[in-house]
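Accompanying notes for the structure given below.
Nothing in this text is a laboratory measurement; each read-out follows from the coordinates by a stated rule. Since this is a predicted model, take the numbers as computed values, not measurements. Cβ coordinates were reconstructed from backbone atoms using ideal geometry, including for glycine residues, and neighbour counts include every protein chain displayed.
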Amino acid sequence: MISLEKVRQRAESDAKTYGYYLNSDPEFLNDLLEGLRKNEERYGYPSCPCRVATGNLELDRDIICPCDYRDPDVAEFGTCYCALYVRKDVVEGKTSLMPIPERRPLEKQARAYAVTAEKIAEKTAATTTKTEQPRSEVRKKLWYCRQCGYVVYREDPPYVCPICKAKREMFAEIAVRVDLAG
Amino acid sequence: MNVVKVAGKNNKHKVLVYALSTCAWCKMTKKFLKDNDVEYEYVDVDLCSQEDHEKIRKDIEKKGGHASFPTLIIDDKKLITGFRKDLIKEALEL
Ligand code: SF4
């Protein structure tokens, strides 16, 4: 079991690495860290405390903290969706902290729900034959950052390159060809 | 579905909060209602069964929202997404 202190340290060091700050309200911060701790205990990974996780790693990958949406959200609004990571001007009180809109694409949320619906359907009608492909499939690809060469194997490229901070547009897909002949 | 009722003197409107047990904005929403002595009900969606979860999502979508949390439903029709103090105050005439 992971301790709250460990979760805090992890968030602190991550904030430092990326030049962010943690929420300056001790109670607010504690609630978020406790939420992360609880999710890690439930699912085996610290999924976002303010979003619904499925418990299926492939479907929840984009909302594992720090989530895919943190960097663009902090850049645009000064805070991540949960308000765990914030920008300097927010900590200094120059910009007020407000709830921000959900950036996670609807189709990703819908896919998680499709799994739930499929599971329920399976449970209730175990005899019906399935012809449709599950909508919940995740297709991963190789992406590389054209600026620094960082390579990542995921469904979508990151919004910001974690190494050189290049924008998403800098990423290109790597086409893999497997040649078995001679 | 485990619906928790919180008593309050301010009961002009029917207030239902769909929340997550882990979410800090949800907790602030609950606290705000309590501090204003508003009578309300809440459901911690992450603690619900998958069947209930589906039902809640459909309920929110039917009322024109997306399943994000907290979502407040006032008088069974007006939907507020997120802890928007200004909108909540206005809707509940606080
Ligand atoms: S919104 Fe914030 S707390 Fe939630 S997963 Fe993203 S970075 Fe973490």
Candidate aspartates and glutamates - alpha carbon under 20 Å from B:Lys89, same-chain residues fewer than 8 apart omitted: B:Asp35, B:Asp37, B:Glu39, B:Glu41, B:Asp75, B:Asp76
Rounded to 10°, Cα long-axis angle of helix A:106-124 versus longest principal axis of chain A: 50 degrees
The range A:4-103 - convex hull of the alpha-carbon atoms, volume per residue in Å³: 91 Å³
Leading residue at positive end of dipole, the protein assembly as shown (Cβ point charges), from A:Gly35, A:Tyr144, B:Asn10: A:Tyr144
Cα long-axis angle, helix B:24-35 against chain B (0 to 90 degrees, to the nearest 10): 40 degrees
Kirkwood Rh, angstrom, chain B [1 / mean 1/r, Cα pairs]: 13.1 Å
DSSP-assigned coil residues among trypsin sites (Lys or Arg not before Pro) in the range B:1-74, each with at most 13 further Cβ atoms within 10 Å: B:Lys9, B:Lys12, B:Lys14, B:Lys63
Value of relative contact order over the range B:4-92, rounded to a whole percent, pairs C-alpha under 8 Å and six or more apart: 34 percent
Residues in the range A:43-62 that a label on B:Glu61 would reach, taking backbone N under 17 Å of a point 7 Å out along Cα→Cβ: A:52-54
Taking only Cα atoms of the protein assembly as shown, radius of gyration then Dmax in Å: 20.7, 81
Peptide B:65-72, shielding by other chains (average Cβ, 10 Å cutoff): 4
Set of aspartates and glutamates with alpha-carbon distance to A:Lys140 below 14 Å, sequence-local pairs under 8 removed: A:Glu58, A:Asp60, A:Asp62, A:Glu155, A:Asp156, A:Glu173
